[in-house]
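Undergrad: Got a structure for you, questions after.
The values are calculated or read from the model by the stated rules, or taken from the named source; none is laboratory data. Bear in mind that the values here come from a model prediction, so they are computed numbers and not experimental data. Cβ placement follows ideal geometry from the backbone for every residue including glycine, while neighbour counts extend to all protein chains displayed.
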């Protein structure tokens, strides 16, 4: 009897041990704090692999005796997600959601580039100085994948802030032959005004698309890709605090919005249409609603599916396009865009306001006043109006 009891307890502890060991194989994103940021952190990178087989249990591809390679199928497209500067040390709040959304589309290899040890510091330029080192580590993994049958066409890099420039550095090492880079509000400080070999550039991949959401503060103002998207003109995103009374959100909300806009493009509910244009003012004046240059596909869409316009965009001379659009204040951010033309019949110039009322089928109403005090008879008064998509 005692022997049976001892055997039962032994099996229980053995099973518990197996459960603990299996849990230890799941790697989490490095979670640091303000104490680490004050002291600064040395660079230590984890490459966390997720597939549909292990969507909730990442494996570290560069850990000693890693078993994660059993999930890495080099014949599939591989998407690298690289974050930026982390002044507080906490993991990005969006990191798990972007993995889940990508894997809901297709069974990719999704690799989260966790360089939180290195990005966590109160001194921004210390983190920026480590970006090329991170890129070299990524090249080592990509070289291994290529030796096992992967192709550069299948490599897709999504970089946030400093991560956008890291992605560019990786692309330069392969002479721009990797498939695609998406830059999500590439970092501006220390990179603005630098030559192309020191930052993200459209020559770093076969297709480079960029979303700019904080060009007047933390982001990069000028064009960097084959197509550069400027939601709401690239500044002051709807729903973000306008004053410092908004706390930490005042500093990061605009910058971070690029990530949430990209994730919104992974939903089936709606797409975000954009309008190639010289500047935001011309777009708002209704001068850029014609997308005949992209016929029959139409105006480019933001985010994951932007590469459907690749052939049109890379063939341009120079191969750089700016696109503007407006968004809602919250997810899914999609809105309708209306182009309205007014032609006056009187031959004299008149001053005044034009108010437009839109009424939906369910009774919701929106009013809008055209921002133009002079309406001239010899020209059309053009304005692009936006309204929420339901």
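Undergrad: Kindly establish whether residue 183 is within 19 Å of the chain's Cα centre (by Cα), assigned by TED's automatic domain parsing to the domain that holds residue 118 and not in a helix (DSSP H, G or I). Walk me through it before giving the result.
TA: Values: within 19 Å of the chain's Cα centre (by Cα): yes; assigned by TED's automatic domain parsing to the domain that holds residue 118: yes; not in a helix (DSSP H, G or I): yes.
Yes: the conditions hold for residue 183.
Undergrad: Test residue 171 against the criterion of being touching a residue at least 24 places away in the same chain (Cβ under 8 Å) and part of a helix (DSSP H, G or I), and give yes or no.
TA: So residue 171 fits the description; yes.
Undergrad: So, in the range 336-349, exactly how many residues are outside any loop (DSSP other than H, G, I, E, B), surrounded by 11 or more Cβ atoms within 10 Å (Cβ to Cβ) and without any contact (Cβ under 8 Å) to a residue 60 or more places away in the chain?
TA: 5
Undergrad: Would you be able to say whether some residue in the range 180-201 is at positive phi and in contact with a strand residue (DSSP E or B) (Cβ under 8 Å, 6 or more places away or on another chain)?
TA: yes
Undergrad: Can you find a residue that is closer than 19 Å to residue 262 by Cα and either modelled with pLDDT under 95 or under 14 Å from the mean Cα position of the chain (by Cα) (or both) anywhere in the range 169-179?
TA: no
Undergrad: If the requirement is being part of a loop (DSSP other than H, G, I, E, B) and modelled with pLDDT under 95, which of these qualifies: 286, 225?
TA: Exactly one residue qualifies, and that residue is 286.
Undergrad: I would also like to ask the following. Please give the number of the condition residue 340 fails out of (1) out of contact with any strand residue (DSSP E or B) (no Cβ under 9 Å at 6 or more places or on another chain); (2) more than 19 Å from residue 209 (Cβ to Cβ).
TA: So residue 340 meets the others, but not (1).
Undergrad: Further question on the same structure: Going by what's in this entry, would residue 209 be described as on the phi < 0 side of the Ramachandran plot and either part of a loop (DSSP other than H, G, I, E, B) or touching a residue at least 60 places away in the same chain (Cβ under 8 Å) (or both)?
TA: yes
Undergrad: Just give me the residues in the range 290-306 being buried (at least 16 other Cβ atoms within 10 Å of the Cβ) and either touching a residue at least 60 places away in the same chain (Cβ under 8 Å) or more than 28 Å from residue 105 (Cα to Cα) (or both), in sequence order.
TA: Of everything in the range 290-306, those that are buried (at least 16 other Cβ atoms within 10 Å of the Cβ) and either touching a residue at least 60 places away in the same chain (Cβ under 8 Å) or more than 28 Å from residue 105 (Cα to Cα) (or both) turn out to be 300, 302, 303, 304, 306.
Undergrad: Answer with yes or no whether residue 25 is farther than 20 Å from residue 156 by Cβ and modelled with pLDDT of 95 or more.
TA: The answer is no for residue 25.
Undergrad: Only one of these conditions is not met by residue 261: (1) within 19 Å of the chain's Cα centre (by Cα); (2) more than 23 Å from residue 93 (Cα to Cα). Which number is it?
TA: Here residue 261 clears every test but (2).
Undergrad: Still on this structure, I have one more. Please go through (1) in a loop (DSSP other than H, G, I, E, B); (2) not assigned by TED's automatic domain parsing to the domain that holds residue 205 for residue 298 and return the number of the only condition it doesn't satisfy.
TA: So the condition that residue 298 fails would be (2).
Undergrad: Now a separate question. Condition first: in contact with a helix residue (DSSP H, G or I) (Cβ under 7 Å, 6 or more places away or on another chain) and more than 30 Å from residue 267 (Cβ to Cβ). Can you find one or more residues in the range 94-113 that meet it?
TA: Step one: of the range 94-113, the residues in contact with a helix residue (DSSP H, G or I) (Cβ under 7 Å, 6 or more places away or on another chain) are 94, 97-98, 101, 108, 110, 112-113.
Pick out the ones that are also more than 30 Å from residue 267 (Cβ to Cβ) and you get none.
There is no residue in the range 94-113 that is in contact with a helix residue (DSSP H, G or I) (Cβ under 7 Å, 6 or more places away or on another chain) and more than 30 Å from residue 267 (Cβ to Cβ).
Undergrad: Of everything in the range 266-287 that's crowded, with 21+ Cβ neighbours inside 10 Å and within 16 Å of the chain's Cα centre (by Cα), which residue is farthest from residue 99 (Cα to Cα)?
TA: 274
Undergrad: Turning to a different aspect of this structure: Go through the range 129-138 and give me each residue that's surrounded by fewer than 20 Cβ atoms within 10 Å (Cβ to Cβ) and within 21 Å of the chain's Cα centre (by Cα).
TA: Passing the criteria: only 132.
Undergrad: Would you check which residues across the range 242-264 are over 25 Å from residue 283 (Cβ atoms) and outside any helix (DSSP H, G or I) and list them? Show your work before the answer.
TA: The first filter runs over the range 242-264 and keeps only residues over 25 Å from residue 283 (Cβ atoms), leaving 243-252.
Result: 243, 247.
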